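Chemist: Take this structure first; my questions come after.
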Amino acid sequence: MPTATQWSAARARARLYAALRGWFEREGFLEVETPAMVPLPGLEPHIDPFAVGKRYLHTSPEYAMKRLLADADCPPIFQLCRVFRDEPPSSTHNPEFTMLELYRPGAGYEQIMRDTEGALMAVGGPFATGPFERLTVRDALLRHAGVDWKKHADAAAFARAAGVRARADDTWDDVFFRIFLDHVERKLLMPTFITEYPASMASLARVKGDVAERVELYACGVELANGFSELNDAAEQRRRFEYEQRQRREAGRPVFAIDEKFLAAVGRMPECSGIAIGVDRVLMLLTGAASIADVLLFPAKDFD
């Protein structure tokens, strides 16, 4: 049965949802629902879905919500939903968790940062005061790791400059994430937007020069959100999907077909931006919980 701490977190969750929905209603967003079971999962190299018969539980509502954005009548939209990722439980991850995803047509990622900031300030706690700090990836690495990623194209040299170990098979991106995890992430205590990721980490974001219009939000040393100025070039998106397929194949992970309906929608999307926020992690910071299990009534570790 749930503990007193979990019941207290359930009440805090209800208040959190009410505050978020109130903010989005005041700002003119429409709450939408999209299917949790989808014919094709995403192709992210490090995320595995759960199969349910001939379909998959979605790892994010992103593809479906972007199909809505492709309609000229689509207003700013948001969704609070359960998502599913086949990863072992940890202090900050549960295989089934709650995601807040929002999109705004006609705006770049600077606006989606302001939307995220406004929504979280409305829920209070460590987010009550703003504006949140904004740092480029380059500035964050210089401040906390003493290394300039733009000066190190070689993975081994990059690792040596930051004082981290590099394995023989490490890619440049592998080294980057190790440096960021070891030297930067845990030091981001106040709510901080990290922007301008290297172009190789663009995912579904637009690229300008050698950086992507991508943003992540951190607070109390925890990653809370990931967003983009959304790519709306279908040909470029196909190239990225094919690259991700190769990455999954080389890593020995299942390789899924490209979602052609989603790809067709990408080419019809207007300029827009979006972000996904881990609601359970936000709730952890609001309640002072040490583990995600403390803010869930039925965490995976207790429900197997």
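Each row is one residue, and each column tells you yes or no for (1) in contact with a His (Cβ under 6 Å, 6 or more places away or on another chain); (2) modelled with pLDDT under 95; (3) surrounded by 14 or more Cβ atoms within 10 Å (Cβ to Cβ).
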position: G124; (1), (2), (3): no, no, no
position: R138; (1), (2), (3): no, no, yes
position: A155; (1), (2), (3): no, yes, yes
position: V164; (1), (2), (3): no, yes, yes
position: T171; (1), (2), (3): no, yes, no
position: T192; (1), (2), (3): no, no, yes
position: E196; (1), (2), (3): no, no, yes
position: L217; (1), (2), (3): no, no, yes
position: G227; (1), (2), (3): no, no, yes
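Chemist: Looking at this structure, is F228 closer than 27 Å to A290 by Cβ and in contact (Cβ under 8 Å) with a residue 40 or more places away in the chain?
Modeler: no
Chemist: Another question about this same structure. Could you tell me which of the residues M37, M1 is over 19 Å from L204 (Cα atoms) and either at pLDDT below 95 or among the polar types (S, T, N, Q) (or both)?
Modeler: M1
Chemist: Now a separate question. Could you name every one of the strands (runs of 3 or more DSSP E) located completely within the range 1-120 that has at least 3 residues being of a type outside the set (G, A, S)?
Modeler: Where strands (runs of 3 or more DSSP E) fall fully within the range 1-120 and carry at least 3 residues being of a type outside the set (G, A, S), they are 55-57, 77-84, 96-105.
Chemist: Can D148 be described as of a type in the set (D, E) and in contact with a helix residue (DSSP H, G or I) (Cβ under 8 Å, 6 or more places away or on another chain)?
Modeler: yes
Chemist: Please count how many residues of the range 93-108 are among the charged types (D, E, K, R) and over 13 Å from P61 (Cα atoms).
Modeler: Residues flagged as among the charged types (D, E, K, R) and over 13 Å from P61 (Cα atoms) within the range 93-108 amount to 2.
Chemist: I've got another one for you. If we keep just the residues of the range 229-251 that are small (G, A, S) and at pLDDT 95 or above, which is surrounded by the most Cβ atoms within 10 Å (Cβ to Cβ)?
Modeler: Within the range 229-251, the match that is surrounded by the most Cβ atoms within 10 Å (Cβ to Cβ) is S229.
The values are calculated or read from the model by the stated rules, or taken from the named source; none is laboratory data. Bear in mind that the values here come from a model prediction, so they are computed numbers and not experimental data. Heads up, the Cβs are rebuilt from the backbone with ideal geometry, glycines too, and the neighbour counts pull from every protein chain shown.
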